[in-house]
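Shown next, in structure tokens, is the structure this report addresses.
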Ligand SMILES: Cc1ncc(COP(=O)(O)O)c(C=O)c1O
């Protein structure tokens with residue numbers, strides 16, 4: 001599966017660069033054509049094992065859910081859009097009823113949007129209107145989206161925020177990024193200094209807890225580098241939110257929908273939120289965001305929040321068909337995420353032992369990453385090492401995505417066949433071995 005960089009690929013990329021605004025494209029010239037289960041193909045027939053799930057959207061394989069595709073096609077022929085936020089339609093109501101069965105008792109009500117950032121915008125507005133408080137709180141490393149409200153919460157890279165302020169009232173505080181503890185401590189002897197910091201400094205010196213409408217948290221930080229916090233961190237911050245009357249919002253846009261092993265990533269920590277946001281995998285490849293609100297919070301006045309495309313009938317048809325598959329196969333999906341996630345982490349632990357540039361390996365369920373460093377002792381981040389590994393693996397038929405400053409996500413479909421998973425891990429290891437050798441040779 002050696003990648004062939006054809007003239008056709010080069011021509012499309014050249015045309016793209018003339019008409020498309022710059023976004024977040026990385027180093028690999030992947031020009032999509034189609035997918036088939038665990039594999040994706042480019043326009044020149046190059047075949048790749050998919051370790052990206054196209055940013056954790058196809059959690060069950062590219063086009064794997066035939067029911068979702070068929071349902072979307074049927075609905076497309078019938079009616080694709082019904083102005084669901086102004087009129088009524090049965091399909092979004094049925095989907096809402098079904099999706100609520102996946103949530104804890106007491107949930108609630110759903111708002112439909114088209115993306116993760118919109119799901120979070122809605123959550124910010126709901127939190128403010130329910131509490132009549134002005135501030136929101138989030139964590140360094142957080143990524144909650146790029147529209148202005150969500151961007152106020154996002155703090156994973158300065159490039160996301162530079163020139164875009166002023167933002168709406170938000171405060172940030174350190175996340176439990178234990179590999180690079182902001183306090184220079186080690187877990188568990190740290191005594192959860194990051195939780196204490198919120199009490200002593202964020203709420204002690206910067207903002208009154210009584211003015212904070214909600215605390216937004218990713219149960220596993222996604223764009224921040226796939227950071228898995230200790231359980232005590234989530235328990236500690238939840239307690240702070242509760243003690244101060246803040247709502248607790250779990251941003252499950254990336255970690256949810258089984259990526260971190262359970263439908264709700266927050267369930268891994270035994271904690272419940274007041275509002276959950278989801279997107280990415282929910283729409284089975286079609287744009288859909290959902291904001292799910294605890295019933296006891298009540299409702300908002302008419303006109304306070306709405307949109308045009310929320311509850312789009314084609315997106316709902318695909319999402320509901322996928323959900324039926326998910327409900328039927330929940331135990332198997334959870335088991336696969338656990339089993340395959342364990343296998344992947346075990347392989348990565350071996351690689352960490354063998355290769356100097358592998359600084360940290362971590363993950364929950366099948367939300368897994370490697371953090372690359374110049375060397376283990378200094379822990380200096382090596383974005384170059386990460387990028388070189390990504391390109392080398394790509395050239396050998398493996399598609400992956402970066403995250404954080406020097407990390408690489410490894411997020412195949414949860415349903416990936418074990419043989420394809422092993423082959424993908426072999427390609428990854430070969431790439432790491434080659435880049436590691438090159439970097440060590442350069443040093444000597
Ligand atoms: C945790 C999290 N929240 C929100 C978003 C924003 O989602 P979208 O790109 O659909 O607006 C993302 C996107 O990566 C995300 O990972």
Seminar exercise, completed: From DSSP H assignment alone, runs of 4+ in the chain each adding -39500 (n - 2.57), the sum over residues rounded to the nearest 500 puts [θ] at 222 nm at -11500 deg cm²/dmol
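Once you keep just the Cα pairs under 8 angstrom separated by 6 or more residues, what percentage relative contact order results for the stretch 23-126? List each step's numbers first, then the result.
Numbers: 57 pairs, mean separation 13.2, N = 104.
Once normalised by length, the contact order is 13 percent.
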Seminar exercise, completed: Here, residue 430 and residue 66, labelled 7 Å along Cα→Cβ, have an inter-label distance in nm of 3.2 nm
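Can you give the relative contact order of the stretch 66-328 as a percent, counting alpha carbon pairs under 8 Å and 6+ residues apart?
Details: 495 pairs, mean separation 81.5, N = 263.
It rounds to 31 percent for the stretch 66-328.
Using R₀ = 45 Å, calculate the FRET efficiency as 1/(1 + (r/R₀)^6) where r is the Cβ-Cβ separation of residue 77 and residue 339; round to 0.05.
Working: r = 39 Å, r/R0 = 0.88.
Result of the calculation: an efficiency of 0.70.
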For this session: Pick out which of 131, 24, 403 has the largest mean-square fluctuation in a Gaussian network model of the chain, springs linking Cα atoms closer than 10 Å.
Result: 24
Exercise. With springs only between Cα atoms under 10 Å, which of 145, 303, 359 fluctuates most in a Gaussian network model of the chain?
Worked result: 303
Problem set entry | Expected-Rg normalisation [2.2 N^0.38 Å, Cα atoms] applied to the stretch 179-260 | 1.14
Exercise. For the pair residue 5 and residue 94, how long in nm is the line joining their label points, each one 7 Å along Cα→Cβ?
Worked result: 4.9 nm
Problem set entry | Potential lengthening between residue 302 and residue 27 on full extension [0.36 nm per residue; Cα-Cα distance subtracted] | 94.4 nm
Seminar exercise, completed: Mean separation of Cα contacts under 8 Å (at least 6 apart) over the residue count of the stretch 360-444, i.e. the relative contact order in percent, is 28 percent
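If each residue of separation counts as 0.36 nm, what is the full-extension length gain between residue 346 and residue 147 once their alpha-carbon separation is subtracted? Kindly include the intermediate steps, with their values, before the conclusion.
On the way: separation 199, 0.36 × 199 = 71.64 nm, distance 3.80 nm.
Going from the current span to full extension adds 67.8 nm.
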Exercise. Share of antiparallel DSSP beta bridges in the stretch 66-328, in percent to the nearest 5?
Worked result: 45 percent
Exercise. With the chain treated as a Gaussian network of Cα nodes joined by springs under 10 Å, which of 215, 366, 192 yields the largest mean-square fluctuation?
Worked result: 192
For this session: Provide, for q = 0.08, 0.10, 0.11, 0.13 Å⁻¹, the log10 of I(q)/I(0) from a solvent-free Debye sum over equal Cα point scatterers in the chain.
Result: -0.45, -0.72, -0.88, -1.24
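What FRET efficiency would be calculated for the residue pair residue 47, residue 86, taking the C-beta separation as r and a Förster radius of 35 Å, to the nearest 0.05?
Efficiency, rounded to the nearest 0.05: 0.20.
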Problem set entry | Segment residue 18-residue 161, length gained on full extension (0.36 nm per residue, minus Cα span) | 49.0 nm
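Counting DSSP beta bridges in the chain, what percent are antiparallel, to the nearest 5? Walk me through the numbers on the way to the answer.
On the way: 33 of 49 bridges.
So the antiparallel bridges amount to about 65 percent of the total.
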For this session: Starting from the Cα of residue 324, step 7 Å along the direction of its Cβ; do the same at residue 418; then give the gap between the two resulting points in nm.
Result: 3.1 nm
Problem set entry | Binned Cα-Cα distances of the stretch 66-328, short to long, each 10 Å bin given as a whole percent | 7, 31, 35, 19, 7, 1, 0
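None of the figures in this text is laboratory data; all of them are computed from the coordinates on show. Quantities reported herein were computed from a predicted structural model and do not represent experimental measurements. Using ideal geometry, Cβ is built from the backbone for each residue, glycine included, and neighbour counts are taken over all protein chains shown.
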